[in-house]
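Inspection log for the structure reproduced underneath, given as structure tokens.
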Amino acid sequence: MAESTSMEIQPVIASINNENQNTQKEANIPGGNEKENDELVIEIRKMVERPEIESSKQCRIYKASHPLRKWNEEAYTPQVVSIGPFHHKNERLKAMEEHKERYFRSFMKRSKINLEYLVGRIKEMEESIRGCYEKTINLNSDRFVKMILVDASFILQLFFRCSLESWTSDDPIFVQPRVDAVMLDLLLLENQLPFIVIEKLHHLAFPFLSNNDVLLKLSFDYFECFNIQSIQVHPNVKIEHFTDLIRTFQLPPLENLPKRHCQLIKHLYSATQLHEAGVKFEVGTSEYCFDIKFEKGVLKIPSFEIENRAEVVALNIMALEQTRYIENAYHTDYFILLDLLINTRKDVDLLCDNKILVNYLRDNNAVKFMINNLNTDIIWKGTRDDYFDLCKELNGFYENPWHRRKATLKSEYFSTPWRTSSIVAASIFLLLTFIQTTCSNIPLV
């Protein structure tokens, strides 16, 4: 029986060995498919051998994520001038390239620096500059360096002309509405150069002004209209790019930043609901624009101006916080809190009536739509401690039945001076009637 089984197995093993040998022979024989795949192999080999660019720790510039872009792509896209690589090939922005080159020529005349020396120094920084960008930049070395040099010198020359008011009447950059459009483009997240590159160029061109505070002062002056807290240039101000600078303008100093924790605000009653429960709304007087306080039944919120560019600025700072500051999204906290307070146009009406929102759009429905859409697809990882406690206090105030009864009584009977005087007169009349009735029932002795 064993011999029979062995005789059956041997042919099977022999067959398997023959198949393996045939397969090995086929693998060693060059065929037509290998030639067909030559181009693919070359392409993949290039991908494998492509050197890795080390990500910069000093600065990271990201594109807004797809979930954010799909709601308002224009808010992240420059309308007039391209800065940096992300929108460099945008045909719609090519008209400004001639003006940028004209500014570059003026910059070279102003600085009197040797062009070969300047190009060589920027070339030395090329790898570190590329590492500042989230995406691989598909520009060869020469085109990349030229782009960086022209864009950085354009920004510096623009700052110089604004600071010294040395523009001429025929300068197309300083014609409205282009001058405002250029400023707005320069703060977009996807339209940035690393600030260290602009610093380096400034230092190379003007070594006698190599103090970093000089360039910061130029930047502060140019974006002055966004510096709503009047922050001054000082050594503690460190920025990665201009979107980062605009965010810095709206935050308190590092030493005054509130702590955060991972708990999220799950619910807050709307502004009108809180008002109906007796909460009063007032313009906050804090020097910090996101400093919101609730004291003795009064919610104090610093005034916030809403004009045409407010949405673009808010979206780009929030997009920056979604990438670089996800654990410290203080700007996002504010707009989420505002979103919770605003559910209907009546909420906007209330905040506008109390001068908390200053609406230059003139359409309160538009403000509601803007605020409610700012947080679409936003990732929220934590909350300021003071905002979390604030919402707990406000919800507790609303849910206290005594506050609502008192507010109802006030709104129904004491909402106007006429109603108040009527109620007081009626109360006095009833009191006098009661006294008269009581006195008439007292027997005379």
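The values are calculated or read from the model by the stated rules, or taken from the named source; none is laboratory data. As the structure is a computational prediction, the values presented were derived from the model and not from experiment. Because the Cβ atoms are built from the backbone with ideal geometry, glycine has one as well, and the counts that use them run over all protein chains shown.
Things to note:
- Residues of region 224-282 that turn out to be over 29 Å from Met183 (Cα atoms), in contact (Cβ under 8 Å) with a residue 12 or more places away in the chain and among the basic types (Lys, Arg), as a count: 3
- Test result for Ile196, part of a helix (DSSP H, G or I), more than 18 Å from the chain's Cα centre (by Cα) and surrounded by 20 or more Cβ atoms within 10 Å (Cβ to Cβ): no
- Candidates Asp363, Asp347, Asp353 - the one that is modelled with pLDDT of 95 or more, outside the structural domain of Gln229 (by TED's automatic domain parsing), surrounded by fewer than 16 Cβ atoms within 10 Å (Cβ to Cβ) and more than 23 Å from Gln263 (Cβ to Cβ): Asp353
- Failed item in (1) surrounded by fewer than 18 Cβ atoms within 10 Å (Cβ to Cβ); (2) within 24 Å of Asp353 (Cα to Cα); (3) more than 16 Å from the chain's Cα centre (by Cα), with Lys238 passing the rest: (2)
- The residues of region 394-408 that are surrounded by 12 or more Cβ atoms within 10 Å (Cβ to Cβ) and either at pLDDT 90 or above or not polar (S, T, N, Q) (or both), listed by number, are Leu394, Asn395, Phe397, Tyr398, His403, Arg404, Arg405, Lys406, Ala407.
- Of Val182, Val145, all but one fail to be at pLDDT 95 or above, surrounded by 18 or more Cβ atoms within 10 Å (Cβ to Cβ) and within 19 Å of Met108 (Cα to Cα); the exception is Val145.
- Index of the failed condition, Leu264 passing every other in (1) assigned by TED's automatic domain parsing to the domain that holds Asp389; (2) under 27 Å from Ile148 (Cβ atoms); (3) of a type outside the set (D, E, K, R): (2)
- Residues in region 102-120 that are under 11 Å from Ala205 (Cβ atoms), hydroxyl-bearing (Ser, Thr, Tyr) and surrounded by 11 or more Cβ atoms within 10 Å (Cβ to Cβ): Ser111 only.
- Which numbered condition Glu52 misses (of (1) under 30 Å from Leu158 (Cβ atoms); (2) exposed (fewer than 10 other Cβ atoms within 10 Å of the Cβ); (3) modelled with pLDDT under 80): (1)
- Any hit, region 327-340, residues being in the same structural domain as Ile265 (by TED's automatic domain parsing), part of a helix (DSSP H, G or I) and without any contact (Cβ under 8 Å) to a residue 40 or more places away in the chain: yes
- Residues that are crowded, with 19+ Cβ neighbours inside 10 Å and in contact with a helix residue (DSSP H, G or I) (Cβ under 6 Å, 6 or more places away or on another chain) within region 295-311 comprise Ile306, Glu311, listed in sequence order.
- Residue ID - nearest to Leu215 (Cα to Cα), chosen from residues in region 137-178 that are touching a Lys or Arg at 6+ places or on another chain (Cβ under 8 Å) and outside any helix (DSSP H, G or I): Trp167
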